[in-house]
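Colleague: After the structure tokens below, expect a handful of questions from me.
Since every read-out is calculated from the coordinates, none of them should be taken as a lab result. Note that the structure is a prediction, hence the values are computed from the model and not measured. All Cβ positions, even for glycine, are placed from backbone atoms using ideal geometry, and neighbour counts span all protein chains on display.
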Amino acid sequence: MSDRISTIGFQTNVVDQLDALRSALAQTQTELSTGKKLQSAADDPAAMAQVNQYNVQLSASQQYVTNQHAATTNLSLEAQALTDATNLLQSARDLAVQANNSTLSASDRQDIATQLQQQLQELVAIGNRTDSNGNYLFSGYDATTQPFAQLGNSVVYSGSSAVSQLQVSANQHISGGDTGSSVFMNIPAGNGTFTTAVAPGNAGSASIDTGTVSNPAAWVPDTYTISFTSPTQYQVMNSLGGVVTSGAYTSGSAIAFNGVQVTISGTPATGDHFTVATAGKASVFATLANLTSVLGSTASNGQLATQIGGALQQIDSAITNFSDVSASVGARLNAITAAGTSEQATQTQLQTSVSQLSDTDFAAATTQLSTQELALQAAEASYASLAKLSLFNYIS
């Protein structure tokens with residue numbers, strides 16, 4: 001009885017060993033056919049945990065790359081829009097200079113006004129440009145909302161005041177665009193400190209320039225009125241009616257007060273007055289619209305010269321703003337390029353680490369397969385010989 005039990009135990013042990021050899025052989029064959037030595041966590045729990053961690057990092061890195069592509073596309077489209085807007089304003093500036101000629105007839109100025117009106121419409125169209133998905137470039141978060149609407153000569157902004165931040169690396173976010181309000185609407189008015197204007201009812205032919213700031217610390221923000229008590233005498237009053245300064249007027253000479261100075265040229269009439277007011281913000285659309293209106297009006301030469309001079313300064317300020325935004329766009333594109341290079345290196349490193357842990361070493365696996373086949377054949381032959389089981393004579 002004990003011999004029979006020993007025989008059964010021997011056979012069971014041998015079968016278990018043969019099953020183990022077959023299982024190992026099958027595992028090696030699977031590794032060679034799939035190219036993966038890690039089929040499940042059971043193969044190597046520690047290695048699989050590392051692979052899973054690396055794959056999470058790879059997924060995040062790929063998302064960064066996707067964000068980089070989206071930001072690059074949008075910013076490139078914005079850069080082109082800014083270039084087109086700048087070229088358009090340069091053309092508008094040339095027309096304004098051309099219009100600032102006292103020898104032009106009302107018909108000549110109306111022709112220029114018509115061209116400026118067309119350019120205003122073109123500028124609105126640039127502000128309403130979209131990407132390939134139909135999303136507006138200058139609407140900020142509200143990418144599906146048209147940013148600008150023109151009602152006559154008035155243009156209103158309906159986009160967001162903030163833009164989407166796209167994560168382009170583990171520790172870097174990039175603004176994917178710029179709002180229409182920051183690009184087109186909030187341009188510093190006048191010289192950035194104050195604006196000048198000629199009263200509509202002035203009887204004389206004098207005009208006022210845009211002025212300069214000689215001492216910013218001495219400037220007191222307020223609305224000042226330069227009044228002419230005679231064609232050769234003026235006084236400057238603040239909004240409370242207090243006289244700030246006064247003097248004799250000479251055409252082309254600077255009138256200075258509170259750290260600023262302006263120049264009035266031409267022949268003023270008694271009672272004419274001019275305004276110097278604290279600067280706010282103005283849209284580039286309003287600049288073109290106002291210039292269009294004044295060229296189509298019956299304003300005096302003094303009023304025309306003043307308003308055209310102010311429009312030229314506003315156009316220059318808008319061009320400067322476009323340039324500043326373009327520089328920011330360029331810097332962001334450069335940052336994205338650098339981030340892309342870094343992410344490419346990161347992905348290569350992670351993929352190498354995953355490959356080392358999970359991919360089959362074909363040379364080693366092929367050698368191992370041959371060794372396992374020989375071991376299995378030897379074990380089966382040995383078992384057949386020892387157990388005298390004829391069945392094994394037919395197993396190759």
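Colleague: Could you tally the net charge around R129, taking each other residue with its Cβ under 10 Å from the Cβ of R129, Lys/Arg +1 and Asp/Glu -1?
Modeller: The answer is -3.
Colleague: Quick one: which residues, 5+ away or cross-chain, put their amide H under 5 Å from the amide H of T245? H built at 1.01 Å from N.
Modeller: V236
Colleague: Hey, what do the phi angles of segment 207-214 turn into as Karplus ³J(HN,Hα) couplings, whole Hz, using 6.51/-1.76/1.60 and θ = phi - 60°, x for Gly and Pro?
Modeller: Going residue by residue, I get 10, 10, 7, 7, x, 9, 10, 9 Hz, with x marking Gly and Pro.
Colleague: Lys and Arg at +1, Asp and Glu at -1: add these up for the other residues within a Cβ distance under 10 Å of D84 and post the number.
Modeller: 0
Colleague: Using r as the Cβ-Cβ distance of Q98 and Q121, and R0 as 22 Å, what FRET efficiency do you calculate, to the nearest 0.05?
Modeller: Once rounded, the FRET efficiency stands at 0.65.
Colleague: Let's see if you can work this out: charge +1 on each Lys and Arg Cβ, -1 on each Asp and Glu Cβ, no other charges. What is the dipole magnitude of segment 106-196 about its Cα centre, in debye to the nearest 20?
Modeller: Dipole about the Cα centre, nearest 20: 120 debye.
Colleague: Could you quote the convex hull projected area for segment 191-278, Cα atoms only and averaged over all directions, in nm²?
Modeller: It is 4.9 nm².
Colleague: Under 5 Å between amide hydrogens, which residues at least 5 positions from A189 or on another chain qualify, with H placed 1.01 Å from N in the peptide plane?
Modeller: G280, K281, A282
Colleague: Tell me the net charge near I315. Cut-off is 11 Å between Cβ atoms, I315 excluded, with +1 for each Lys or Arg and -1 for each Asp or Glu.
Modeller: -1
Colleague: While we're on this one: From the phi of every residue in segment 156-172, what ³J(HN,Hα) in whole Hz does the Karplus formula 6.51 cos²θ - 1.76 cosθ + 1.60 yield, where θ is phi - 60° and glycine or proline is x?
Modeller: Calculated HN-Hα couplings, in order: 10, 10, 10, x, 7, 9, 9, 10, 6, 9, 9, 7, 10, 7, 4, 10, 9 Hz.
Colleague: Radius of gyration and Dmax for segment 41-158's Cα atoms, expressed in Å?
Modeller: Rg, Dmax (Cα atoms, Å): 25.2, 92.
Colleague: Then there's this: As I understand it, the dipole of segment 44-158 uses +1 on the Cβ of Lys and Arg and -1 on the Cβ of Asp and Glu, about the Cα centre. Which of S102, A143, V155 lies farthest toward its positive end?
Modeller: S102
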